[in-house]
1. Can you list the HN-Hα couplings for the stretch 97-107, worked out from phi with the Karplus curve (6.51, -1.76, 1.60; θ = phi - 60°), rounded to whole Hz and with x for Gly and Pro?
2. Among 34, 96, 52, which one moves the most in a GNM of the chain with springs linking Cα atoms closer than 10 Å?
3. In debye, nearest 20, what is the charge dipole magnitude of the chain about its Cα centre with +1 on Lys and Arg Cβ and -1 on Asp and Glu Cβ, if you could check?
4. With runs of 4+ DSSP H residues as the only contributors, calculate the mean residue ellipticity of the chain at 222 nm using -39,500 (n - 2.57) per run, divided by the residue total and rounded to the nearest 500.
5. Once ligands and nucleic acids are excluded and a 1.4 Å probe is used, how much of residue 49 is accessible, expressed in Å² to the nearest 10?
6. Using the Cα gyration tensor of the stretch 27-83, with a ≥ b ≥ c the square roots of its eigenvalues, what is the shape: rounded (a/c below 1.5), prolate (a/b larger than b/c) or oblate (neither)?
7. Under a cut-off of 23 Å between alpha-carbon atoms, report the lysines in cross-link reach of residue 90, not counting same-chain residues fewer than 8 places apart.
8. Pop out the carbon and sulfur fraction of the accessible area of the stretch 45-118 as a percent, whole number, probe 1.4 Å.
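The values are calculated or read from the model by the stated rules, or taken from the named source; none is laboratory data. Bear in mind the structure is a predicted one, so any value in this text is a computation, not a measurement. Note: ideal-geometry Cβ built from the backbone for every residue, glycine included; neighbour counts use all protein chains shown. SASA here: full protein model, heavy atoms, side chains in, ligands and nucleic acids out. Shrake-Rupley method; radii C 1.70, N 1.55, O 1.52, S 1.80 Å.
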Amino acid sequence: MGDKPIWEQIGSSFVQHYYQLFDADRTQLGAIYIDASCLTWEGQQFQGKAAIVEKLTSLPFQKIQHSITAQDHQPTPDSCILSMVVGQLKADDDQILGFHQTFLLKNFQGAWVCTNEVFRLALHNV
C-alpha cells in the first residue's frame with residue numbers, strides 16, 4: 001500500500017472500515033460521523049450523526065453483506081478526500097443488488113470522518 005498516494009491509502013482504509021462496521025454492527029457507525037455530517041440515502045436527506053445512525057440502523061434487514069467491485073479516491077483542494085465505491089450487496093435472502101456510494105472524508109480533530117455521503121442502489125427505471 002505504501003506505493004499509493006496517501007489519499008488512496010486513507011480512502012481505501014476508510015472504505016474497508018465502513019463496510020466491516022456496516023455488515024457487522026451498524027450501531028457502531030456513529031464513530032465515523034460528526035454532527036454536521038449529511039447523508040442522502042436513495043434521495044432522502046439526513047443531517048447530523050444521530051439522524052444518520054438512526055436511518056442506517058432502521059433499514060429493514062437483519063443481515064447484509066457488501067462486496068466492493070471498485071473504489072476511486074481523489075484529494076480535494078481543501079485537504080479532504082472524495083471516495084466513490086461501486087459494488088454489490090445482499091440483504092437477508094433478497095437478490096444481489098448493485099450499489100454506488102460516495103463519501104467525502106475530512107480530518108477532524110485528528111481522525112478521518114465522513115462529512116458527506118450519498119447512496120443509491122443501481123436500479124434502472126425503464
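1. Whole-Hz 3J(HN,Hα) from phi for the stretch 97-107: 10, x, 8, 10, 9, 10, 10, 10, 9, 9, 7.
2. The residue that fluctuates most here is 96.
3. Numbers: 8 positive and 13 negative charges, 20 e Å.
Using only the charged Cβ atoms, the result is roughly 100 debye.
4. Computed mean residue ellipticity for the chain: -7000 deg cm²/dmol.
5. Around 80 Å² of this residue is reachable by solvent.
6. Values: a/c = 2.06, a/b = 1.27, b/c = 1.63.
Oblate is the answer for the stretch 27-83, as a/c is 1.5 or above yet b/c matches or exceeds a/b.
7. The reachable lysines, counting only those whose Cα sits under 23 Å from residue 90, are 55, 63.
8. Values: 2230 of 4390 Å².
Within the stretch 45-118, the accessible surface is 51 percent carbon and sulfur.
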